[in-house]
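The values are calculated or read from the model by the stated rules, or taken from the named source; none is laboratory data. Just so you know, these numbers come straight off a predicted model, no measurement behind them. Heads up, the Cβs are rebuilt from the backbone with ideal geometry, glycines too, and the neighbour counts pull from every protein chain shown.
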Amino acid sequence: MSIQIKEVSKTFGSFQALSDINLDIQTGELVALLGPSGSGKTSLLRIIAGLEESDNGAILFGNEEITHIRATERKVGFVFQHYALFKHMTVFDNVAYGLKVRPKKERPSKKDITEKVRELLSLVKLDAFADRYPAQLSGGQRQRVALARALAVEPKVLLLDEPFGALDAKVRKELRRWLRRLHDDFHITSIFVTHDQEEALDVADRIVVMNEGKIEQIGSPEEVYEHPNSPFVYDFLGNVNVFHGRLENGQWRNGAGGENHGSLAYVRPHDILIERKKPADDAVQAKVVHVHVVGRTVHIELKQERTDQFLEAELTKERYRELNIKVGENVFVRPNQLKVFIPEDYSI
Amino acid sequence: MAKKKWKKHSILPGFGLSLGFTTLYVSLLVLLPLAMIFVNTASMSWADFRATVTEPRVVASYQLSFGAAFAAACINVIFGVLIAWVLVRYSFPGKRVIDGLVDLPFALPTAVAGIALTTLYAETGWIGQFLSFKVAFTPIGITIALTFIGLPFVVRMVQPVLQNFDQEMEEASAILGANRFQTFIKVIVPEILPAALTGFALAFARALGEYGSVVFIAGNMPMKTEITPLLIMTKLEQYDYAGATAIAAVMLVISFFLLLFINGLQWWTNRKFAHS
């Protein structure tokens, strides 16, 4: 089911959590709401679920306006960051809950419920755990139970609030892949909230970057990563180096002074090239401050000689060996690709 | 068979010492005085004992004491949970005052409570005059007095549990389509049940032993409104120590089994949370 969000605003006391949010989500899409804490992403999700009421604006599921329909009747699936499983019920009863609370007329027979729950438990690979209580499961298993519970009512919309936030890195990655596969199989319109850019880039069809209650950018993972439309998005989606410089005849120059001085250039660490010899005029001399190897990539911290600014660069291990860089040495750095934002248009 | 290890490794030493002290303390303070009841009772012949505890007046007092205490504890569970709910879930002016008032039945000398309740519920009292039935000097009055003194137990047991209750569980229940009643019965009640049961047991036990507040409002008519503790006092005043302890011993044994049963119930409801 498609979701339309029109002019939705929300304040908590004097805090503007959301202001005039407009967002269209197509049927079967997997959308990530990405932003730092306090950006309003969770509030938006809770408003879509009906757990919170918006101050104004409208929300449509398909062509039906549901702004004032209670959460109980919206028929969405919701997955909480901290699982919110019913502690006193077994895994089986947790998953069956949504079916068991239906009014008598709509309630499936006991046999059908059992069948459905078994089916879902095998989907989340927890067949053997049906009789366990949530406290006897690991975090990843609990979140899978929560997902099965949400799917049991066959929702048209699946909402996930930082679903993997409380899990350790390895389990998180596994569940991420698994959610992606699940979505590819079932095509439920899904929205998930995350503050982890890697997670959003990895899983989502489309990313909605939010900041301070507003949408900064909407686009495919590639789009927002390669063509961020503001310094905030650039900064939020991965590490970044900022060069202070000036614009001259449409050309950006490193270093302060001159006309339009104050303009900023953004460069990703992996777009910084390091050379032993000065390759061109625009290369900058820098001193290697720190080198640390994380798996196959080598992170290098540099300090620009002239401006005393710190830079971060990422090299492959091969390139690192080739250059044979040591801490304290002087090298030349040059941005391979940069994006310039002029402060008149944007402020950080 | 390998020797069973009681002691778990702990960073704080002193298992032996603290267990020894606990045993001594509980023995001196609880076990020994209670044992004296049975020792004293043993000075009677079996026939005398049976005659004393099966006397119609004594049997009637047992029924009244256990019945009124049970009724009062039931009322306290229902309204105690309600008060705890209101105090935890809502904020309103005067909330702290109400929160403080809940503890008052503990602080007040019970005789004062008894006199106050009697004045209110007597036929000419502020509340009594509007009621078409008699409250003071009837089992209803006794139940009111016992409800009064047992009120804090349930509230104070349930309050912290409600405070720590994960409200996301309620939201999850609502999103899955459960109505408010279903959410309350299926999600909230099971969570607060162990605490409510503990509160019930405490209120019940406290009501069984209550003397001060009841004697005023009860009227103490033999066979009708005479509670067991009063009967024990009467026997003591007549220097019939063996008779008094005999009645007490029976009461103690019944109370012990009732509390054991409630504890069993608690264990049963708690079992499901064993691993959390």
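Considering only residues of segment A:80-127 that are within 25 Å of A:Arg181 (Cα to Cα) and more than 32 Å from the chain's Cα centre (by Cα), which is nearest to the other protein chains (Cβ to nearest Cβ)? This residue is A:Ile113. A:Ile348 meets each of the listed conditions (1) of a type in the set (Val, Ile, Thr); (2) modelled with pLDDT of 80 or more; (3) more than 12 Å from A:Glu275 (Cα to Cα) apart from (2). Among all residues of segment A:176-187, there is at least one that is assigned to a helix (DSSP H, G or I), buried (at least 22 other Cβ atoms within 10 Å of the Cβ), away from chain B (no Cβ under 14 Å) and modelled with pLDDT under 90.
Could you please find all residues in segment B:160-193 being of a type in the set (S, T, N, Q) and crowded, with 22+ Cβ neighbours inside 10 Å? Of everything in segment B:160-193, just one residue is of a type in the set (S, T, N, Q) and crowded, with 22+ Cβ neighbours inside 10 Å, namely B:Ser173.
Quick one: B:Thr225 ticks every box in (1) in a helix (DSSP H, G or I); (2) over 27 Å from B:Leu34 (Cβ atoms) bar one, so which box is it? Unmet condition: (1). Filter segment A:30-72 for residues that are touching a Gly at 6+ places or on another chain (Cβ under 6 Å) and more than 19 Å from B:Gln167 (Cα to Cα); which is farthest from the other protein chains (Cβ to nearest Cβ)? Per the stated criteria, the residue is A:Gly40.
Which of the residues belonging to segment B:174-185 are within 22 Å of B:Thr269 (Cα to Cα) and within 7 Å of chain A (Cβ to nearest Cβ)? Step through it out loud before you land on a result.
At the first step, the residues of segment B:174-185 found to be within 22 Å of B:Thr269 (Cα to Cα) are B:181-185.
Across segment B:174-185, the qualifying residue is only B:Gln182.
Of the residues making up segment A:74-113, those that are in contact (Cβ under 8 Å) with a residue 12 or more places away in the chain and among the β-branched types (Val, Ile, Thr) are A:Val76, A:Val79, A:Thr90, A:Val91, A:Val95, A:Ile113. In this structure, B:Leu101 qualifies as surrounded by 13 or more Cβ atoms within 10 Å (Cβ to Cβ), without any contact (Cβ under 8 Å) to a residue 24 or more places away in the chain and not small (Gly, Ala, Ser).
Would you mind finding the one in B:Ala195, B:Ala244 that is within 14 Å of another protein chain (Cβ to nearest Cβ), among the small types (Gly, Ala, Ser) and free of Cβ contacts under 8 Å to residues at least 60 places away in the same chain? Give the steps one after another, and end with the answer.
Numbers: B:Ala244 fails: within 14 Å of another protein chain (Cβ to nearest Cβ).
Only one candidate qualifies: B:Ala195.
A residue that is within 26 Å of the chain's Cα centre (by Cα), of a type outside the set (Asp, Glu) and farther than 19 Å from B:Gly209 by Cβ cannot be found anywhere in segment B:65-72. Residues in segment B:40-81 that are farther than 30 Å from B:Phe148 by Cβ, surrounded by 11 or more Cβ atoms within 10 Å (Cβ to Cβ) and not acidic (Asp, Glu): B:Asn40, B:Thr41, B:Ala42, B:Ser43, B:Met44, B:Phe49, B:Arg50, B:Ala51, B:Thr52.
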